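Below you'll find the structure, written out as structure tokens, and then a few comments.
The values are calculated or read from the model by the stated rules, or taken from the named source; none is laboratory data. On a predicted model such as this, the values are computed, not experimentally measured, just so you know. Cβ placement follows ideal geometry from the backbone for every residue including glycine, while neighbour counts extend to all protein chains displayed. Just so you know, the surface numbers come from the protein's heavy atoms only, side chains and all, with ligands and any DNA or RNA stripped out. Shrake-Rupley method; radii C 1.70, N 1.55, O 1.52, S 1.80 Å.
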Amino acid sequence: MTGASPQFRRIVLELHRSGYDPTTVQLAVELAELMHLDLFGRFIDDPGIVSLAGLPFAREFRVLECEWHVLDSEGVTRSRDLAIAAAQRLFAKAARTSTATCHFEIVHETAAGAARAGVRAEDILVVSQATGAAGRAAEPLPLAVDAAFRTAAGVLIVPGRIARRHGPVVAVVGGPDDPSVDVANALAIEAKEALLLLDLRSGVLSRAETGERATRTDDLLGLQRTPAATADAGAVTHLLGPTRERLIVVRRGVIDDAILSTIASRRGVPVLVLGSNGAGRPRSAASTRPLRAVGRT
């Protein structure tokens, strides 16, 4: 990223959940390029599924046939191998045209175990929202979201329907020296987009001049404070109004985790949630030009 790189090191895309959604994969690739991070694709091969198929009472319901069938280990193994191959092909296709360093790995672990054991605080986990009937975006898979937010990593929530691929980057400001401003500022520079600051303390949406690094946000915006806990999806959507943003950046804890997925779904844009350990704050303190608000948008 321009000026100073964040503490993030890689973007982790769990392909057993989102590997068949090319839009999610492409968004992960784009973010990895903008943030100059490695893209780490992994397929979670849960050994318990094959073990379950060996039990005499195990059955699967086939929708097209509307019948229950014996779940045999040979068939499950074959289906797993096909799924892994499909995920590898999709990831390889995206990696071929990407400037990011890309890695693919098969992890032999349960989904819950892999989330705890294989994820670092410097990672950004990608969580893709499911697409329901008639193509309408639904909430993210509960287990995937819960597992992601139980780690100290950042989380990128990708809605089922992407409203736009270009537009301003919005930093949600919940307190002084908020790291979301630094990250959004650098992303806006890399993407050549405008930077907007949504201050939940004052309810003001401001357009800001991008600089090499953001400074203390309480120097930029009013100090009137509104408890962040009162910010719900409707309030944030109302404050953003007709803004046609491409990405929202917010620090963990500023808005309730359960609300963030609703905001992504309603706005139709990804929400990047910075980890609880402060990851995202630049490693370098070098700054030659401060960020300043230039008026209400």
Accessible-area order for Ser73, Ser180, largest to smallest, probe 1.4 angstrom, reads Ser73, Ser180
Which net charge results for the neighbourhood of Ile255, defined as the other residues with beta-carbon distances under 14 angstrom from its beta-carbon, given Lys and Arg at +1 and Asp and Glu at -1?
0
Please report the carbon-and-sulfur percent of the accessible area for the range 23-97; probe 1.4 Å, protein heavy atoms only, DNA, RNA and ligands left out.
59 percent
Positive minus negative residues near Leu37 (Lys, Arg vs Asp, Glu; Cβ under 10 Å):
-2
Which value, in Å² rounded to 10, gives the accessible area of Ile162 with a 1.4 Å probe and all protein chains present?
40 Å²
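Could you sort Arg165, Arg59 by accessible area so the largest value comes first, with the probe set to 1.4 Å?
Result of the area sort, largest leading: Arg59, Arg165.
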Can you sort Phe40, Phe8 by 1.4 Å-probe accessible area, starting with the largest?
Phe40, Phe8
